[in-house]
Amino acid sequence: MANLPLSTTIKLPNGKEYEQPLGLFINNKFVPSIEGKTFEVINPTNEEVITSVHEATAKDVDVAVAAARKAFEEGAWPKTTPSERGRLLAKLGDLIERDAELLAFIDALDNGKSISLARGDIDIVLDTIRYYAGWADKVHGKVVETAVDKFNYIRYEPIGVCGQIIPWNFPLMMWAWKIAPALATGNTVVLKTAEQTPLSALVACKLVIEAGFPPGVLNVLSGFGKTAGAAISRHMDIDKVAFTGSTAVGREIMKAAADSNLKKVTLELGGKSPNIVFNDADIDEAIYWAYFGIFFNHGQCCCAGSRIFVQEGIYEEFVEKFKARIKENVIGDPFNEETFQGPQVSQGQFDRIMGYINHGKQAGAKVEIGGERYGNKGYFIQPTLFSNVRPDMKIMKEEIFGPVAGIAKFKGIDEAVKFGNDTNYGLAAAIHTKDLKTALEVSNKLKAGTVWVNTCIATNSALPFGGYKESGIGREQGKAALANYTQAKTVQINIA
């Protein structure tokens, strides 16, 4: 779009209007793309264009990295004390709380998630930013005694310029998960949002300015993975890259990091999480959590419990009650307060998920419920449950990232663990049982970064989150995330 302005007024479904930045956020200013490129942002509920935004290319990445490097090496940021960094983050949290309803509506608009879930996302954004605001002045060094004539200490320093690439399923939440620990530890950031959902992060950048962060500390680019994302991954002046998304793209980022300056890498990737229900579980509670575990966020969740394993003693009862629960799911307009499941995020995701559903049918799996498009406008898909599944089916092996689950029975603990671990992924798992011994034994044997017992899809800013196997490298959230953005320096002084 020629001559795209740097902002526009958007009217939300609640009738309220707000000013939406459209430019690239570099050096605390919204600027146009150097090459003049733009792209459309689509409303997945009605398939209509919300607006267009400026598209970052490699040239814009260069400008943003230069701004981040200057901010890291010069000016106010390197002189900012840890406690002042914490104060800035706390102020940002206060501003996000002030504008929480607006930010939730924006995420519901361009992502399609229900407004109730979007509000939950903003609650987590707030918790994350405030949690790391508290950590800012608590990253302490250490004195290590080795000899009477030596004085040794270890200090933890920021890595430098951090490239961050976030997904579309939790737009502002992933923004907060990435920037909060990076800024708390004194780094500067060049972050690329997902091309499907760039809007809320740009609005939040106005709050970054209002909070008082110096120019260049945080830079946010709207763009595509193959151009802007690739430029970040291979940039010679970026010291570290953090990515949340698919395992396939994670591999490409690792290759780019290795082929460039061997930048540090953390990856939070895909999942195919098992949800294991034992005979002694509270069946109604287990059904609630199994339902929530796969249909939360329309199935667009890396830790979704898409493989449900139920012990044979309650399998038939569970399937019937689970189908009845699925029928109660409210699908439709994300701005209806009763809606739980909105549309998938894009036409591409819709087509991908429907492709998996069709493959499951062709492979001989039985559709217990769902299996079709919902309605005739928007990217809506019926919540779908397959039975008669085999471990070798694509729907049981590959991440679908939609409201689709497979269900199968198991005999005992050994078989449950075997089925649960029969995947290349290891992001999360869930167990449902009243027996503490069973819960501990199975949770210890499952190869997953998070195991939930009698709950599902529960995260907390204080708890590390990340995966085993092909689900990633490193941990986000908790104290563990600070290690992603600091490096240890040993100083040895001879005092003889």
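The values are calculated or read from the model by the stated rules, or taken from the named source; none is laboratory data. A quick note: this is a predicted structure, and the numbers were derived from the prediction, not measured. Ideal geometry is used to build each Cβ from the backbone, glycine not excepted, and the neighbour counts take in all protein chains shown. Please note that ligands, DNA and RNA were not included when accessible areas were found on the heavy atoms of the full protein model with its side chains. Shrake-Rupley method; radii C 1.70, N 1.55, O 1.52, S 1.80 Å.
Determine which single condition ALA100 fails, assuming it passes every other condition in (1) open to solvent by less than 10 Å² (accessible area, probe 1.4 Å); (2) closer than 30 Å to PHE350 by Cβ; (3) not charged (D, E, K, R).
(1)
Among ALA118, ALA133, which is more than 26 Å from GLY348 (Cβ to Cβ), part of a helix (DSSP H, G or I), open to solvent by less than 20 Å² (accessible area, probe 1.4 Å) and modelled with pLDDT of 95 or more?
Result: ALA133 is the single residue among ALA118, ALA133 that is more than 26 Å from GLY348 (Cβ to Cβ), part of a helix (DSSP H, G or I), open to solvent by less than 20 Å² (accessible area, probe 1.4 Å) and modelled with pLDDT of 95 or more.
If SER233 passes every condition in (1) open to solvent by less than 10 Å² (accessible area, probe 1.4 Å); (2) in a loop (DSSP other than H, G, I, E, B); (3) touching an Asp or Glu at 6+ places or on another chain (Cβ under 8 Å) but one, which one does it miss?
For SER233, the exception is condition (2).
Restricting to the range 474-496, what's the tally of residues that are in a strand (DSSP E or B) and under 14 Å from the mean Cα position of the chain (by Cα)?
Number satisfying all stated conditions: 1.
Every residue in the range 258-282 that is more than 21 Å from the chain's Cα centre (by Cα) and touching a residue at least 12 places away in the same chain (Cβ under 8 Å), please.
Correct list: ASP259, SER260, ASN261, LYS263, ILE276, VAL277, PHE278, ASN279, ASP280, ALA281, ASP282.
What is the residue count in the range 249-291 for residues that are part of a helix (DSSP H, G or I) and of a type in the set (S, T, N, Q)?
Final tally of qualifying residues: 0.
Among the candidates VAL345, VAL310, which residue alone is under 27 Å from ILE276 (Cβ atoms) and not basic (Lys, Arg)?
The conditions single out VAL310.
Which ranges mark the helices (runs of 4 or more DSSP H) fully within the range 323-431 that have 1 or more residues being open to solvent by 10 Å² or more (accessible area, probe 1.4 Å) and more than 30 Å from GLU476 (Cβ to Cβ)?
347-362, 413-421
With ALA496, ALA439, ALA488 as the choices, which residue is modelled with pLDDT under 95 and out of contact with any helix residue (DSSP H, G or I) (no Cβ under 9 Å at 6 or more places or on another chain)?
Just one listed residue meets the conditions, ALA496.
Of the conditions (1) charged (D, E, K, R); (2) more than 30 Å from GLU338 (Cβ to Cβ); (3) under 25 Å from the mean Cα position of the chain (by Cα), ASP110 satisfies every one except a single condition; which number is it?
(2)
In the range 160-177, which residue that is of a type outside the set (A, V, I, L, M, F, W, C) and farther than 15 Å from ALA64 by Cβ is surrounded by the most Cβ atoms within 10 Å (Cβ to Cβ)?
PRO171
Scan the range 11-28 for residues that are open to solvent by 20 Å² or more (accessible area, probe 1.4 Å) and either out of contact with any helix residue (DSSP H, G or I) (no Cβ under 9 Å at 6 or more places or on another chain) or not in a strand (DSSP E or B) (or both) and jot them down.
Across the range 11-28, the qualifying residues are LYS11, PRO13, ASN14, GLY15, LYS16, GLU17, ASN27, ASN28.
Check off (1) surrounded by 22 or more Cβ atoms within 10 Å (Cβ to Cβ); (2) in contact with a strand residue (DSSP E or B) (Cβ under 8 Å, 6 or more places away or on another chain); (3) not aromatic (Phe, Trp, Tyr) for GLY225 and give me the number that stays unchecked.
GLY225 satisfies all of (1) surrounded by 22 or more Cβ atoms within 10 Å (Cβ to Cβ); (2) in contact with a strand residue (DSSP E or B) (Cβ under 8 Å, 6 or more places away or on another chain); (3) not aromatic (Phe, Trp, Tyr) except (1).
If I ask for residues that are in contact (Cβ under 8 Å) with a residue 40 or more places away in the chain and not aliphatic (A, V, I, L, M), which ones from the range 121-130 would you list?
Those that are in contact (Cβ under 8 Å) with a residue 40 or more places away in the chain and not aliphatic (A, V, I, L, M): ASP121, ASP127, THR128, ARG130.
Does the range 111-120 contain at least one residue that is within 26 Å of LEU463 (Cβ to Cβ) and free of Cβ contacts under 8 Å to residues at least 12 places away in the same chain?
Yes, the range 111-120 contains at least one residue that is within 26 Å of LEU463 (Cβ to Cβ) and free of Cβ contacts under 8 Å to residues at least 12 places away in the same chain.
Out of SER273, SER306, SER260, report the one residue that is farther than 21 Å from PHE401 by Cβ and polar (S, T, N, Q).
Selected residue: SER260, the only one of SER273, SER306, SER260 that is farther than 21 Å from PHE401 by Cβ and polar (S, T, N, Q).
Counting just the residues of the range 136-165 that are assigned to a loop (DSSP other than H, G, I, E, B) and of a type in the set (Gly, Ala, Ser), which one comes out farthest from VAL265 (Cα to Cα)?
Step by step, filter the range 136-165, then rank; the result is ALA147.
Quickly run through the range 432-471 and pick out the residues that are open to solvent by 10 Å² or more (accessible area, probe 1.4 Å), under 21 Å from GLY120 (Cα atoms) and not aromatic (Phe, Trp, Tyr).
Across the range 432-471, the qualifying residues are THR450, ASN454, THR455, ILE457, ALA458, THR459, ASN460, ALA462, LEU463, PRO464.
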